[in-house]
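Here is the structure we will look at, set down as C-alpha cells.
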Amino acid sequence: MSALGALIRRDIRIALRVGGGALIGVLFFLTVTVLMPFAVGPDLALLSRLGPAILWLGALLASLLTLDRLFTADHDDGSLDLIVMSRTPLELACAAKALAHWIAAGLPLIIATPVLGLLLNLDGTATLAVAATLLAGTPALTFTGMIGAALAVTLHRGGLLLAVLVLPLSIPVLIFGVAASQAAISGPLPFGTPFSILCALSLASLVIGPFAAAASLRHGLD
Amino acid sequence: MRLSGRNLKCVRGGREVFSGLDLSATSGEALAITGPNGAGKTSLLRVLAGLLVPAEGVVALEGGDAELSLPEQAHYLGHRDALKPALSVAENLSFWREFLGGETKDAGRCLAAVALDHAAHLPAAYLSAGQRRRLSIARLLSVRRPVWLLDEPTSALDAAGQALFVDLMRDHLAGGGLIVAATHLPLGIDARDLRMGGAA
C-alpha cells in the first residue's frame, strides 16, 4: 500500500508544481465559463437554463485537456517501464494514477463551480446540484479517459486520438450529469433517478478503467 | 541463483533482431553484452526485464524468490532515467525507494555513495547528464534487487564516476548479485562476454 501512496503523492506533487496540469485545467474551465455569458448575451433566464450544461461541458473539456499526459509523461521518461516491472500490480498502479489525477485536476473544478455558478445566474440550490453531480460524475470521466490515455501512450501525437476515443465514452456521463442538475433546478424528474445512474457510471468505470488501461499498457510495451 | 535464456528470438517491427540466442549467468557473475549498434543489445535487456515478449524461447531465474517473477527481482537501468524534472533529487530517489519497496537502504546514504548529497534539494531539471545517471545509479542502491540489467551504464559518467560505479558493481557481485550489462566500453570488472550481431 505504501507503494501506491507514494505514487499518488508523487503525481499530485508534480501536478501542483509549476507547469503541472492542475492549474491548466481550472484556468481552462474558468475561461470557458467566463466567455459563455458574453457569447450568449445578457438574457439571464436563458443563461440560468443553460448554466448546468455549460459547467458540465467546461469540466469535461478541462479534464480531457490534462488527461493525455497521464501516461505519456511516464512513458517518455522511462518511469512506466519501472512501474510495469515493479511488485505492485499494474491495475492498482493505474487506479492510483487516475485517483491522483482526479484529486489534482478534478477536485479543483468542483471547488471552482460555486464561483462560476454566479456568472451563469445560478442560485444556491442549482449551484449545489451541479457541484454534487460533478463530484459524482468526474471520477467516471477520469477513469474512462484513462483507457484512452493508455491506448494513446505508444502513439506519437496521441492526444488527438485520445479525444476521439474518450468522447463517446463520456457522452452518457454528460447526459446524466446535466439531466440530474436540471432535475434539481426545474424538475419534473426527481433528482435521485439520473443521479443514481451517474453514480453507477462512476462505480462501473472505477472497476473497468484500471483493468482496461493496464491491459492496453501491457500490450503496447515496446 | 542462475539467470538463463534459451533459444531466444526477438522480432520488432516485423524485423528479426536476433534468434537462437542462449545465455546464462550465475550469482556473483557479470555478463557483458557487446556488439555493433542495432545488434539487439537493448532488445535483449528488455526481454530479460519482461518489457518485451520474446517471439520464441524462455527466460528463467532459478534459485530466486519463488513468489516473485524475474522482473520483480531486477533493476533496469535504461537510456531513459525515469526522473521527474519538477521534483528534487531527494524526492525522485525517495519516490522510487518507496514505490519499488522490499529491502531498502537509507536514501541519504545512497546519494552520498554516488556523490550527489550536495545536490539533494536541487530540482532534477538542473542536473547534468552525468548527474542524472548518478541519480539513477542511486536508485539501484536504495532498493535491494539481486539482478541488475544495465544498458550502457557508464555513458555520460566522468572518470571518477566510472571508478565509483565499478566499485558499486563489485560490491553487488560480492553480495551474491548478478549483472547483465549492454556496453561498448569495457565494464572495468571481470565479465563474461556475450557477442551479438557480428556483421549484421
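The values are calculated or read from the model by the stated rules, or taken from the named source; none is laboratory data. Since this is a predicted model, take the numbers as computed values, not measurements. Cβ coordinates were reconstructed from backbone atoms using ideal geometry, including for glycine residues, and neighbour counts include every protein chain displayed.
Brief remarks follow.
- Scope region B:89-126; condition within 12 Å of chain A (Cβ to nearest Cβ) and among the β-branched types (Val, Ile, Thr); matching residues: B:Thr104
- Failed item in (1) surrounded by fewer than 22 Cβ atoms within 10 Å (Cβ to Cβ); (2) hydroxyl-bearing (Ser, Thr, Tyr); (3) under 25 Å from A:Gly220 (Cβ atoms), with A:Thr66 passing the rest: (1)
Condition check ((1) more than 27 Å from A:Ala73 (Cα to Cα); (2) without any contact (Cβ under 8 Å) to a residue 12 or more places away in the chain; (3) not acidic (Asp, Glu)) across all residues:
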position: A:Ala129; (1), (2), (3): yes, no, yes
position: A:Gly145; (1), (2), (3): no, no, yes
position: A:Ala150; (1), (2), (3): no, no, yes
position: A:Ile171; (1), (2), (3): no, yes, yes
position: A:Val178; (1), (2), (3): yes, no, yes
position: A:Ser181; (1), (2), (3): yes, no, yes
position: A:Ala200; (1), (2), (3): yes, yes, yes
position: A:Ser205; (1), (2), (3): no, no, yes
position: A:Gly220; (1), (2), (3): no, no, yes
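- Among the residues of region A:9-26, just one is among the hydrophobic types (A, V, I, L, M, F, W, C), more than 10 Å from chain B (Cβ to nearest Cβ) and crowded, with 20+ Cβ neighbours inside 10 Å, namely A:Ala22.
- B:Leu45 fulfils the conditions (1) surrounded by 19 or more Cβ atoms within 10 Å (Cβ to Cβ); (2) at pLDDT below 90; (3) over 30 Å from A:Ile12 (Cα atoms) except for a single criterion, (2).
- Comparison of A:Leu67, A:Leu55 shows that the only residue that is more than 29 Å from A:Leu92 (Cβ to Cβ) and under 15 Å from the mean Cα position of the chain (by Cα) is A:Leu55.
- Within region A:59-133, helices (runs of 4 or more DSSP H) holding 1 or more residues that are within 14 Å of another protein chain (Cβ to nearest Cβ): A:69-76, A:79-85, A:90-101
- Strands (runs of 3 or more DSSP E) (entirely within region B:1-70) containing at least 3 residues that are away from every other protein chain (no Cβ under 14 Å) and either without any contact (Cβ under 8 Å) to a residue 40 or more places away in the chain or among the hydroxyl-bearing types (Ser, Thr, Tyr) (or both): B:15-26
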